[in-house]
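First comes the structure, then the notes that go with it.
The values are calculated or read from the model by the stated rules, or taken from the named source; none is laboratory data. Since we're looking at a predicted model, the values are computed, not measured. Neighbour counts are summed over all protein chains in view; Cβ atoms, including those assigned to glycine, are modelled from backbone coordinates with ideal geometry. Side chains are part of the model used for accessible areas, which takes the heavy atoms of the whole protein and leaves out ligands, DNA and RNA. Shrake-Rupley method; radii C 1.70, N 1.55, O 1.52, S 1.80 Å.
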Amino acid sequence: MTDPALSLDGVYKKFRKGELYDSLREFIPGFLRRMVRRPGRETLAPREFWALQDVNFDVGRGEAFGIIGANGAGKSTILKLLSGIMRPTRGALRVRGRMSALIEVSAGFHPDLTGRENIFLNGIILGMSRADVKRRFDAIVAFSGLEEFIDTPVKRYSSGMFARLGFAVAAHVEPEVLIVDEVLSVGDYLFQQKCLERMNQILSSGVTVVFVSHNLRAVSALCGRSLLLERGRVVQIGPSSEVIKGYLTRGRQTRSMESDRGIQITDVSLSSSDTSQVTFETDAVLEITVEVNARTPHQDLSVVIGIVDDSQYAVFDTCTRRLGAGPLSLGAGESLRCTFRLRLRLAEGTYHVNAYLHRYVTDRAFDRWLSAATFFVGGTPTVRGVAHLEPTLTRCEKHSSAPEVVALPVR
Amino acid sequence: MRASIGELLARRDLLYTITWREIKVKYKQSVMGMLWALLMPIVIVLAGVVIRYGFSLLGGTRLNAADVASVSVRAVPWAFCVSSIRFATSSLVANANLVTKIYMPREIFPIAAILSQFVDFLVAAVVLAVLLAVMNVGMSVQLVWVPVLVLILVLLTTGLGILLSAASLFFRDVKYLVEVVLTFAIFFTPVFYDVQMFGSWAPVLMLNPVAPLMEGFTAVVVAHTPPPLLWLSYSAAFALGTFLVASFVFERLEPYFAESV
């Protein structure tokens, strides 16, 4: 990378817990220090913490770069630094080219103004000139699909309409560097498709994109390289598929037995637990092993596993009872290990495994562990959705027949 | 500071748009619309006429047209001064949503607040000009001072506005403090009275940087004499100083805005 579009070099950012200032006595020295001292060379005061520590990365021109990590890892802080809303406590940050952010796309709207007025207002806030907005106005309105309501104050819009108008404006800014934060979940299914198409269009036009999302499927589809953040530190940078794998592996925890519980699920692992494999092909065989520990005797047990997709939609579940094992019993100090073997007839995507310990008859849960494990199904572009119904094309031929003349009833 | 002025110029479309939004939103869903721009000056003039009438009763003189004209000529810029400082002070907090979410030069908010008040000022000034013509106040070459006086006033309010907007972002107390000061400032500023009424104490009143401007407006518009030049240069220096200090402080504090709102 000879000439990166944006680069972060040893960036630190600190925040403060609690109220900013409790008293004037605290404020005035702090204020004077700020006025006198140049930014940088700062240390951590009590109640302060590092939101980002020593973050370094470059993004090349025209590259799509993903940032993933758990909530609170510092993803949004990076975006706020990149967009200039905040400045780093220490370190250097460079962005080359006109930048725009697809973050909080409706922030510039004023409820009392009409859709038309807000398109101008928001467009200019997001960095377009008045002439730019005028030129793209029709395209923006068409994209939002709100032609009918364009002269209605946006306070009368539904939240979906509001968000659609916001995205429509933001998607037409045409920057050189675009920052995207979890905005593809706007509006209904059709609008989301439209947004994704627009994103792909923007990507293919050579814009540099920094994309932050929890939607790992979208990250792997859009970004070539990604970065994994954990508690403000960069853990991994590399090809998206590997970083996602790293993320999913790190995310898998084992639970220790809580002392006040009589019975508990202590481990959920995928396939053979020594290989921390998290990416599987469609139709692969996956083994899910659930381990249960009992401190006190329990009877009439059943172990349930469920798989949900990234939007928590239940894809599948099964349990020992339905698979023919009778009521299970555990004595004090005994443990149980069940292995379920599944064939992954799933489409590409991210899936989470939930495990439950139910009472055999009443379905009362003794314990449950949501998202105990996460895995990734990759590389089946022939289908979309969650299920892989193994489609094959058995016929695809043309027929021609004389057009029938239909007599229409005359009224 | 040169960089931020450059940035401000580059985003002047944004400045116009935010100003336009302030004006538009202020009069949206109101029946009187732009007539509201006249209300505050009218009320100030009425109050001034009452006070002036009281003075004339005490002094045993008659209330003359020049007094009414003098009060009106001061009321319009005073109304601008008060409402732009009030409006600018709350501008950053009112736009916290944008400050924390989208990057733009933040000076735009207090400046747009003042510009939108300036539009009101212009509307009121046009009406005032017509009234003065009807009252037969007359014209003279001294009127060329009016833009200078207005410029100093705008510079002063802009300086105070950007300083107070940043301060109130960190401390909400500032807003209430400003409110109290603005409510009673009219007693410390020669709007209803002339500083000469105080005799040898007049220079003390003139230390208020707005006072020379108020005296100046009466002088050049009603009395057709030059403004008090020495005091006027004091005002100008004060305004420029305030503006420079305010810009410096604002620029220094700006990086902390988003995390301090």
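Filter segment B:102-118 down to the residues that are open to solvent by 10 Å² or more (accessible area, probe 1.4 Å), touching a Ser or Thr at 6+ places or on another chain (Cβ under 6 Å) and not aliphatic (A, V, I, L, M) and list them by number.
The answer is B:Tyr103, B:Gln117.
Answer yes or no as to whether A:Leu146 is more than 10 Å from chain B (Cβ to nearest Cβ) and either touching a residue at least 40 places away in the same chain (Cβ under 8 Å) or buried (at least 23 other Cβ atoms within 10 Å of the Cβ) (or both).
Spelling it out, it is not the case that A:Leu146 is more than 10 Å from chain B (Cβ to nearest Cβ) and either touching a residue at least 40 places away in the same chain (Cβ under 8 Å) or buried (at least 23 other Cβ atoms within 10 Å of the Cβ) (or both).
Is it true that some residue in segment B:102-113 is over 17 Å from B:Ser247 (Cβ atoms) and within 14 Å of chain A (Cβ to nearest Cβ)?
Yes - at least one qualifying residue is present in segment B:102-113.
A quick yes/no check of all residues on (1) under 20 Å from the mean Cα position of the chain (by Cα); (2) without any contact (Cβ under 8 Å) to a residue 40 or more places away in the chain:
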residue: B:Ile44; (1), (2): yes, no
residue: B:Val50; (1), (2): no, yes
residue: B:Tyr53; (1), (2): no, yes
residue: B:Leu58; (1), (2): no, yes
residue: B:Thr61; (1), (2): no, yes
residue: B:Ala65; (1), (2): no, no
residue: B:Val71; (1), (2): yes, no
residue: B:Ala79; (1), (2): yes, no
residue: B:Ile85; (1), (2): yes, no
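Can you list residue pairs whose Cβ atoms sit under 9 Å apart, with the first residue in segment B:191-209 being in contact (Cβ under 8 Å) with a residue 40 or more places away in the chain and closer than 20 Å to B:Ala79 by Cα and the second being aromatic (Phe, Trp, Tyr) and in a helix (DSSP H, G or I)? Count only pairs 6 or more apart in sequence or on different chains.
So the pair list comes out as B:Val191/B:Trp78; B:Phe192/B:Phe55; B:Tyr193/B:Phe55; B:Pro209/B:Tyr234; B:Pro209/B:Phe238.
Taking segment B:1-30 as the search range and keeping residues that are modelled with pLDDT of 85 or more and of a type in the set (A, V, I, L, M), which one is surrounded by the fewest Cβ atoms within 10 Å (Cβ to Cβ)?
Filtering first and then ranking leaves B:Val25.
Can you find, within segment B:116-150, the residue that is nearest to B:Pro41 (Cα to Cα) among those that are in a helix (DSSP H, G or I) and polar (S, T, N, Q)?
B:Gln117
Restricted to segment A:127-141, and to residues that are among the small types (Gly, Ala, Ser) and not in a helix (DSSP H, G or I), which residue is farthest from A:Arg198 (Cα to Cα)?
Here the residue is A:Ser129.
Does A:Arg136 satisfy the criteria of being open to solvent by 20 Å² or more (accessible area, probe 1.4 Å), in contact with a strand residue (DSSP E or B) (Cβ under 8 Å, 6 or more places away or on another chain), more than 9 Å from every other protein chain (Cβ to nearest Cβ) and among the basic types (Lys, Arg)?
No, not satisfied.
Of all residues in segment A:315-339, count the ones that are surrounded by 12 or more Cβ atoms within 10 Å (Cβ to Cβ), of a type in the set (Gly, Ala, Ser) and in contact with a Lys or Arg (Cβ under 9 Å, 6 or more places away or on another chain).
The total comes to 0.
Taking the conditions exactly as written (free of Cβ contacts under 8 Å to residues at least 60 places away in the same chain and farther than 18 Å from A:Val278 by Cα), does A:Leu370 satisfy them or not?
Here the answer is no, as A:Leu370 does not meet what is asked.
Conditions: (1) in a strand (DSSP E or B); (2) at pLDDT 90 or above; (3) within 14 Å of chain B (Cβ to nearest Cβ). A:Ile179 meets all but one. Number of the miss?
Here A:Ile179 meets the rest and fails (2).
Taking only segment A:149-162 into account, find how many residues are surrounded by fewer than 20 Cβ atoms within 10 Å (Cβ to Cβ) and either aliphatic (A, V, I, L, M) or within 27 Å of the chain's Cα centre (by Cα) (or both).
Residues that pass the stated criteria total 5.
Say we look at segment A:56-75 and pick out the residues that are surrounded by fewer than 17 Cβ atoms within 10 Å (Cβ to Cβ) and within 17 Å of the chain's Cα centre (by Cα); which of these is farthest from the other protein chains (Cβ to nearest Cβ)?
A:Ala70
Taking the condition open to solvent by less than 50 Å² (accessible area, probe 1.4 Å), out of contact with any Ser or Thr (no Cβ under 7 Å at 6 or more places or on another chain) and farther than 30 Å from A:Phe120 by Cβ, does B:Gly33 pass?
So B:Gly33 does not fit the description; no.
Go through the residues of segment A:289-307 one by one and say whether even a single one is polar (S, T, N, Q), buried (at least 19 other Cβ atoms within 10 Å of the Cβ) and at pLDDT below 85.
Taking every residue of segment A:289-307 in turn, none turns out to be polar (S, T, N, Q), buried (at least 19 other Cβ atoms within 10 Å of the Cβ) and at pLDDT below 85.
Conditions (1) in a loop (DSSP other than H, G, I, E, B); (2) touching an Asp or Glu at 6+ places or on another chain (Cβ under 8 Å); (3) within 13 Å of chain A (Cβ to nearest Cβ), marked per residue:
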position	(1), (2), (3)
B:Pro212	no, no, no
B:Gly216	no, no, no
B:Ala219	no, no, no
B:Pro226	yes, no, no
B:Ala239	no, no, no
B:Glu251	no, no, yes
B:Tyr256	no, no, yes
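Taking into account only those residues within segment B:163-207 that are small (Gly, Ala, Ser) and at negative phi, which is most open to solvent (accessible area, probe 1.4 Å)?
B:Ser200
Is at least one residue of segment A:149-162 of a type in the set (D, E, K, R) and more than 14 Å from every other protein chain (Cβ to nearest Cβ)?
No, that holds for no residue.
Scan segment B:154-162 and give yes if some residue there is within 14 Å of chain A (Cβ to nearest Cβ) and part of a helix (DSSP H, G or I), otherwise no.
Scanning segment B:154-162, I find no residue that is within 14 Å of chain A (Cβ to nearest Cβ) and part of a helix (DSSP H, G or I), so the answer is no.
I need the full set of residues from segment A:82-126 which are part of a strand (DSSP E or B), open to solvent by less than 30 Å² (accessible area, probe 1.4 Å) and either more than 9 Å from chain B (Cβ to nearest Cβ) or farther than 21 Å from B:Arg12 by Cα (or both), in order please.
A:Ser100, A:Leu102, A:Thr114
Tell me, which strands (runs of 3 or more DSSP E) wholly within segment A:193-239 include 2 or more residues that are within 24 Å of A:Tyr12 (Cα to Cα) and open to solvent by less than 40 Å² (accessible area, probe 1.4 Å)?
Of the strands (runs of 3 or more DSSP E) lying wholly inside segment A:193-239, those with at least 2 residues that are within 24 Å of A:Tyr12 (Cα to Cα) and open to solvent by less than 40 Å² (accessible area, probe 1.4 Å) span A:208-212, A:225-230.
For A:Leu229, indicate whether it is within 27 Å of A:Ser240 (Cβ to Cβ) and touching a Lys or Arg at 6+ places or on another chain (Cβ under 8 Å).
Judged against the criteria, A:Leu229 is a match.
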